[in-house]
1. So, in the stretch 316-340, of the ones that are out of contact with any helix residue (DSSP H, G or I) (no Cβ under 9 Å at 6 or more places or on another chain) and within 16 Å of the ligand (Cβ to nearest atom), which residue ends up most open to solvent (accessible area, probe 1.4 Å)?
2. Would you pick out the residues in the stretch 395-418 that are under 19 Å from G449 (Cα atoms) and hydrophobic (A, V, I, L, M, F, W, C)?
3. Since I303 meets every condition but one in (1) open to solvent by 10 Å² or more (accessible area, probe 1.4 Å); (2) of a type outside the set (S, T, Y); (3) in contact with a Cys (Cβ under 9 Å, 6 or more places away or on another chain); (4) within 16 Å of the ligand (Cβ to nearest atom), which condition does it not meet?
4. Among the residues of the stretch 286-320 satisfying the criterion of being in contact (Cβ under 8 Å) with a residue 60 or more places away in the chain and among the small types (G, A, S), which is farthest from A163 (Cα to Cα)?
5. Could you tell me which residue of the stretch 61-107 is most open to solvent (accessible area, probe 1.4 Å), considering only residues that are part of a loop (DSSP other than H, G, I, E, B) and farther than 30 Å from I33 by Cβ?
6. Which residues, taken from the stretch 27-51, are out of contact with any strand residue (DSSP E or B) (no Cβ under 6 Å at 6 or more places or on another chain), open to solvent by less than 30 Å² (accessible area, probe 1.4 Å) and either of a type outside the set (A, V, I, L, M, F, W, C) or assigned to a helix (DSSP H, G or I) (or both)?
7. Mind checking which residues of the stretch 164-183 are surrounded by fewer than 24 Cβ atoms within 10 Å (Cβ to Cβ) and out of contact with any Lys or Arg (no Cβ under 9 Å at 6 or more places or on another chain)?
8. Across the stretch 443-477, which residue is least open to solvent (accessible area, probe 1.4 Å) among those that are out of contact with any helix residue (DSSP H, G or I) (no Cβ under 9 Å at 6 or more places or on another chain) and either assigned to a helix (DSSP H, G or I) or touching a residue at least 40 places away in the same chain (Cβ under 8 Å) (or both)?
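The values are calculated or read from the model by the stated rules, or taken from the named source; none is laboratory data. Quick caveat, the model's predicted, so the values are computed rather than measured. Reconstructed Cβ throughout: ideal geometry from the backbone, glycine too, with neighbour counts over all protein chains shown. Ligands, DNA and RNA are excluded from the accessible area calculation, which covers all protein heavy atoms including side chains. Shrake-Rupley method; radii C 1.70, N 1.55, O 1.52, S 1.80 Å.
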Amino acid sequence: MEDGLQYKLMKKIPNWINGLEAMPSSGLWLKKINPANERVDSLFSDSNQKDVESAVKFAQKAFITWSKISPVKRGQILFNLVDILKINRSSLAKCVARETGKSYQDALGEVGAAIAQGEFFAGEGRRLYSNSLNSALDNKFCQTIREPHGPVGLIVPANTPIANIAWKIFPALICGNTIILKASEDSPEIALLIAKLSKEADIPDGVLNVIQGHGHIVGESLIKDIRIPLISFTGSTAIGKHIASVVGLRMGRVSLELGGKNPFIVCDDADIEAAVNWCALSAFSNAGQRCAAASRIIIFESIYDDFVKKLIKKSEKFILGVDKNSDIGPVINKKQYISILKHIENATQEGGNILCGQSGNRLNSKKGYYIRPTLIENVKFSSEIFNKEIFGPVATVHKVRNKEEALRVANKSEFGLTAAVHTKNINRGLWFAKNLISGTVNINSGTYGSEPHMPFGGFGSSGNGTREPGTEALNVYSELKNISFLINLDAN
Ligand code: NAD
């Protein structure tokens, strides 16, 4: 990396190990680019295995005491962190907005979602229920208890960075694990801020450690480390498959929250205005960088022309930018920007017709990785654009004759994360809900995920069957132990 004066003076984002800032052992730094203006925002640690080693060592040590603290007490400590997040809401949102290129308002909403996660899981300190079981024997009493795994590896993406982090650290901590959090290369600072706030909240040193750097270097060290019994990963299906194979081979536990190619179905009896609004939000909010983004819009033929005309009009009205009057920010980095444009270009080469938005060529004159909301029709089911997750503001539209065909098109995917159906007919809505291959089905709203107390996760290539958050996340972050007592009922 350049070593000019301008970089020497730049803000540096180190690792966080054992309650302290830790410089990368390589002495090297990577550039974090602000996607809205393409300027260097900060420098972050180019860490390596040595740094991971150090974090694991302290996380192991801290586990001995953290795991012995009662869940009630751990919950009280997590409530401290929730309070501190609330006090720092505004500075956290500013950091998220700067690192991701979303508006301050959107970032503030995301901080609120992280706080809600914290509140839910801190409250689990007074529940953390397990089962009391009966037995075939009259004098045998059985119960299950939850035990933490140990130091766990949490690997996150940058699309909603503070929510992604909260989604994992709160359930991991309430269950008694210690953490090595691998921050995303695209949102290093927010991870450091949370770690610093955790110290203010009296989370003991070594319980929450953060490692910055490249996924293929430090992420790879983490997943191979046999001292890490659980890896919880949110990210792309390609990396998720790799992690499953590496961690599975050493009999580690893995939770995978992966990609989506989510269908949005509009029936002939839908409230068209409401469906258009939900559809545009589902496809384009956060610049389409949501695992739950609507990317295949499936419309009954009798309303197709009317719906598509209104959706184009709505999509063309979105203002690109990061100020409070804007609707859609840039995509996260240059690599992703180029990849999305390439997908659009490939779609046109495969016969797709762009209805609105971006052609494959760069059209923006201003700085920033902005892509206009793009709708494409006339797409073949065999095409790349129909099958691959694009992770940008791009969706395809499909005309179908009836509900059976809508269902067939919707289920024609390796993914199965979220789906939305718009209809006024409750029977039809529930028919879709029963038959869609999807972890979440929303009737008459968007392809959105869950709330903190609801399980979220996908069928097929969208995950490996685990569900986070909700109380189901407790099953990810703890091992169940069955204990029985054989009692001599007459010996008293
Ligand atoms: P990504 O898979 O490229 O990276 C995710 C994280 O994995 C990053 O921190 C990265 O550094 C790390 N990583 C990369 N290579 C690694 C390796 N070999 N070993 C260990 N870690 C490694 O994903 P991304 O582009 O950052 O995020 C977008 C993806 O995340 C999309 O596919 C999206 O659908 C998915 N996502 C899923 C959910 C969900 O809940 N299902 C939520 C948000 C995002």
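1. Residue satisfying both the conditions and the ranking: K335.
2. A395, A410, F415, L417
3. Result: I303 fails condition (4) only.
4. Applying the filter and picking the extreme gives S315.
5. My answer is K68.
6. P35
7. none
8. Once the filter is applied, the top-ranked residue is G458.
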